[in-house]
Amino acid sequence: MKKIAIIGGRGYPYVYSGYETFIKELCERLNDKYEFHIYCHAELFEEKPKVVNGIHLHYHYGINIKVLTQLSHSLFATFHAFFAKHDVYFFVNTSNGPFGWFLNLFNRITVINTDGLEWKRPKWKGLGAKYFYWASKLSAKTFKHLIADSEEMRNIYLRKFNRDSTVIAYGANVRKSQNSSALEKFNLKKDSYYLIVGRLIPDNNSDLIIQGFIDSQTVKQLVVVGDIPFKDKYAEKIKSIKHERIILTGYVENQNDLQVLYENCFCYFHGHEYGGTNPTLLKALAYGCCVLALDTAFSREVLNEENYGTYFEKSVKEVEKVIEKVETEDYPVQEYRNKSKERIQSEYTWEKIANQYDTFFNDIMGADA
């Protein structure tokens, strides 16, 4: 059985972000075909079993400084994986760009998932942004194979770095929640609120959406789900907002409760600006939401232009206008809800994504053998 090392996530079965969800869904579906070795951040795991669900786990500590944690962990993991002699070295997060160069010196099969435009994110200013741009450029130059999770991300790497990618999207699961008690927890009723889900960071544009909502004439509420795991001025500014129609939940760790919030909202606001196929947008479709998205090429790709959602430009006034638009009597909110799951079932199921990776792994191991 071929051995695949996965480096750059926090670990398994630790689920914190899109990377970890992706790793979990992929490996659990394909672990009867490949021997997966996942490199985990040791400090996140009290117990450190060597094998879970047939997936092999390796634990390494990094340098516990914010800007060095991920990179140092990947450095130690890469050296361990190198001596273990895996068949494929699969990295997530383009901050790991330098490791492709090292492994290619020894003709190893290397893959990196390019994910989002990290160098454009406001949190990486100055040197951080320059590093991410350099590391992404180096990823494009040195890794043998690139995965883009959207056609638009593939196009960006072609334009900027003159390097093509294999497009395999992110996935989602279509399912029904088990109960609706989450509505009672937050004193909500079906269709009485708009919803935002995401980290409280500038490129998710929660501040802009909140202000547009406050300025609008709607009598509905706005539920904002999310936080960040460190102190930050932008997040603190949002959390300091006091308004009778704004509900800030922080993290909602119970996944059934989160699904209930998606399922029963009037409309879901998607303000994410950078990145490819966004996990929260896919969840909104999978859980039957009417989607209002910031107008980006990434959102238009997932929503198939106007077929599965509508858009607003990046301004407070445009948020106010889209709220007015969807609350008119003739706007087809229910029609968008009824068909949203079709988009997931046709393009973005985890079963389809796993099958595409299975084909990809077979192709690259055959081509590079």
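State all residues of segment 80-130 that are over 20 Å from Ile364 (Cα atoms) and touching a Lys or Arg at 6+ places or on another chain (Cβ under 8 Å); if no residue qualifies, say none.
Trp119, Ala129, listed by residue number.
Which ones in segment 143-157 are charged (D, E, K, R), within 9 Å of Val167 (Cα to Cα) and not in a helix (DSSP H, G or I)?
Asp149
Applying the selection to segment 185-232, what residues are within 30 Å of Gln345 (Cα to Cα) and assigned to a helix (DSSP H, G or I)?
Within segment 185-232, Asp203, Asn204, Ser206, Ile209 meet the criteria.
Can you name every residue in segment 158-174 that is outside any loop (DSSP other than H, G, I, E, B) and more than 20 Å from Phe22 (Cβ to Cβ)?
Leu158, Arg159, Lys160, Phe161
Might you let me know whether segment 133-141 holds any residue that is among the polar types (S, T, N, Q) and in a loop (DSSP other than H, G, I, E, B)?
no
Matching residues to (1) touching a strand residue (DSSP E or B) at 6+ places or on another chain (Cβ under 8 Å); (2) crowded, with 16+ Cβ neighbours inside 10 Å; (3) under 29 Å from Arg175 (Cβ atoms):
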{"site": "Gln221", "(1), (2), (3)": "yes, yes, yes"}
{"site": "Pro229", "(1), (2), (3)": "no, no, yes"}
{"site": "Ile238", "(1), (2), (3)": "yes, yes, no"}
{"site": "Lys242", "(1), (2), (3)": "no, no, no"}
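If you go through segment 169-182 one residue at a time, do you hit one that is touching a residue at least 24 places away in the same chain (Cβ under 8 Å), surrounded by fewer than 18 Cβ atoms within 10 Å (Cβ to Cβ) and among the aromatic types (Phe, Trp, Tyr)?
no
Which residues, counting only those in segment 84-103, are touching an Asp or Glu at 6+ places or on another chain (Cβ under 8 Å) and of a type outside the set (Ser, Thr, Tyr)?
Hits for segment 84-103 are Val92, Asn93.
Within segment 246-271, restricting attention to residues that are at pLDDT 95 or above and assigned to a loop (DSSP other than H, G, I, E, B), which residue is farthest from Phe186 (Cα to Cα)?
Per the criteria, the residue is Gly271.
Select, from Glu329, Glu335, Glu342, the only residue that is within 26 Å of Ala182 (Cβ to Cβ) and out of contact with any helix residue (DSSP H, G or I) (no Cβ under 9 Å at 6 or more places or on another chain).
Selected residue: Glu335, the only one of Glu329, Glu335, Glu342 that is within 26 Å of Ala182 (Cβ to Cβ) and out of contact with any helix residue (DSSP H, G or I) (no Cβ under 9 Å at 6 or more places or on another chain).
The values are calculated or read from the model by the stated rules, or taken from the named source; none is laboratory data. Being a predicted model, the structure only gives us computed values, none of them experimental. A quick note on method: Cβ atoms are made from the backbone with ideal geometry, for glycine too, and the neighbour counts reach across all protein chains shown.
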